[in-house]
Amino acid sequence: MTSSVGPHIAGEPLWLNWRFTAAPGIEERSLRRNWQGTLNTWRLCDLVGDDGVPFSREDWENFAVSMKPPNSLGNQASAEWVHRRGEEADALMASVPTPLLDAVASEHAAYEPGDIVAVSIDEKWSYGRWLKGEGDQGDLAELWLDLSRKPHMTGRLLPADWALHTHCPAAVWSESREPWHKEENEGDYRGEDEDEADRPDMAIEERTMVTEERVQGPGILVYPRTEGWHFRGCFKPDQRPGRLSDLTIRNITKHLTLAIIGDRRPNCEANWSLRLSRSELSAMP
């Protein structure tokens, strides 16, 4: 779970959010048909305008009028239907904690060299790596994402007016690991009867950690983000924020095992003491 709050929470789900219960008075049928369907309201960011101001009841009623499709007779949304959506909107906005709405509307940190930025151009998200500049004025090296979402430079720049479009830091999944060496892994696919001495030793300086990036998407739309997560009951204020990429099989197994056995020793140790003498135990390798 994550407790960090900032503009990165904009992509969190609205109707199934662990921080709060959104408008518990809205009937399930209206929620699915009217809010998730007609009004296309799913995330926290759907409650705040581009100007950073949360939508008012008047805004929601205007949305209801413009987004409600005509019925089979060609009639538009009735005044009663719009009024009910306005009442539900009041309940919805009141149920969302103000600090969360403020966090969604807050500005992201200034871009730094190397950051990956998401830019919405012609209703399509593009990505670029921040090269230089100050504030929102700078150059973005265009990136393309392969099927694994790994970014690659194209050798071009994004349009110079990119800052005039909607933009935000991209949500990036980063993972550090040792590089794969062919010489160390040849035994996986060549005959195991080959002499180990035939393999050249790897230089120590080559055993450096490498970081791989995978772009999840625009930071204001992605959930869950990789940063800020930890196992329930294991958070310590002085430790660095956890990441989903830290959840390796080893760490998950360790956590689940400790939750069951705690600090108990294996049962076999007590059985050894019953069946073996002290001298026999000390002589065991």
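The values are calculated or read from the model by the stated rules, or taken from the named source; none is laboratory data. The structure presented is a predicted model; accordingly, all values stated were derived computationally and were not measured. Positions of Cβ are generated from backbone atoms using ideal geometry, with glycine treated the same way; all protein chains shown enter the neighbour counts.
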When the residues of region 8-65 are filtered to those that are in contact with a Gly (Cβ under 7 Å, 6 or more places away or on another chain) and of a type in the set (D, E, K, R), which remaining residue is farthest from T98 (Cα to Cα)? E61
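Listed here are the residues, each with its yes/no results for (1) under 22 Å from F231 (Cα atoms); (2) touching a Pro at 6+ places or on another chain (Cβ under 7 Å).
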{"position": "V5", "(1), (2)": "yes, yes"}
{"position": "I9", "(1), (2)": "yes, no"}
{"position": "N17", "(1), (2)": "yes, no"}
{"position": "F20", "(1), (2)": "yes, yes"}
{"position": "I26", "(1), (2)": "no, no"}
{"position": "R32", "(1), (2)": "no, no"}
{"position": "D46", "(1), (2)": "no, no"}
{"position": "G49", "(1), (2)": "no, no"}
{"position": "P54", "(1), (2)": "no, no"}
Pick from A109, A79, A105, A89: which is out of contact with any Asp or Glu (no Cβ under 7 Å at 6 or more places or on another chain), of a type in the set (A, V, I, L, M, F, W, C) and free of Cβ contacts under 8 Å to residues at least 24 places away in the same chain? A79
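Matching residues to (1) of a type in the set (A, V, I, L, M); (2) assigned to a loop (DSSP other than H, G, I, E, B); (3) under 28 Å from L101 (Cβ atoms); (4) at pLDDT below 75:
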{"site": "R156", "(1), (2), (3), (4)": "no, no, no, no"}
{"site": "A163", "(1), (2), (3), (4)": "yes, no, yes, no"}
{"site": "A170", "(1), (2), (3), (4)": "yes, no, yes, no"}
{"site": "E194", "(1), (2), (3), (4)": "no, yes, no, yes"}
{"site": "R214", "(1), (2), (3), (4)": "no, no, no, no"}
{"site": "G217", "(1), (2), (3), (4)": "no, no, yes, no"}
{"site": "C234", "(1), (2), (3), (4)": "no, yes, no, yes"}
{"site": "I252", "(1), (2), (3), (4)": "yes, no, no, no"}
Among (1) in a helix (DSSP H, G or I); (2) within 25 Å of the chain's Cα centre (by Cα), where does T21 come up short? (1)
Applying the selection to region 254-271, what residues are part of a helix (DSSP H, G or I) and free of Cβ contacts under 8 Å to residues at least 12 places away in the same chain? K254, L256, T257, L258, A259, I260, I261, N267, C268, E269, A270, N271
Failed item in (1) over 19 Å from P7 (Cα atoms); (2) surrounded by 14 or more Cβ atoms within 10 Å (Cβ to Cβ); (3) within 21 Å of the chain's Cα centre (by Cα), with N62 passing the rest: (3)
Going by the structure shown, is L39 crowded, with 16+ Cβ neighbours inside 10 Å, free of Cβ contacts under 8 Å to residues at least 40 places away in the same chain and within 19 Å of M67 (Cβ to Cβ)? no
Mind checking which helices (runs of 4 or more DSSP H) fall wholly inside region 42-135 and carry at least 3 residues that are within 26 Å of P159 (Cβ to Cβ) and at pLDDT below 95? none
Name the pairs: first residue in region 49-76 and free of Cβ contacts under 8 Å to residues at least 24 places away in the same chain, second residue aromatic (F, W, Y) and surrounded by 14 or more Cβ atoms within 10 Å (Cβ to Cβ), Cβ to Cβ under 7 Å, at least 6 apart or on different chains? G49/F55
The one condition G138 fails out of (1) loosely packed, with under 10 Cβ neighbours inside 10 Å; (2) within 24 Å of D51 (Cβ to Cβ) is (1)
D263 meets each of (1) among the acidic types (D, E); (2) surrounded by fewer than 10 Cβ atoms within 10 Å (Cβ to Cβ); (3) modelled with pLDDT under 70 with one exception, condition (3)
Selection count where residues are modelled with pLDDT of 90 or more, part of a loop (DSSP other than H, G, I, E, B) and surrounded by 12 or more Cβ atoms within 10 Å (Cβ to Cβ), scope region 1-18: 4
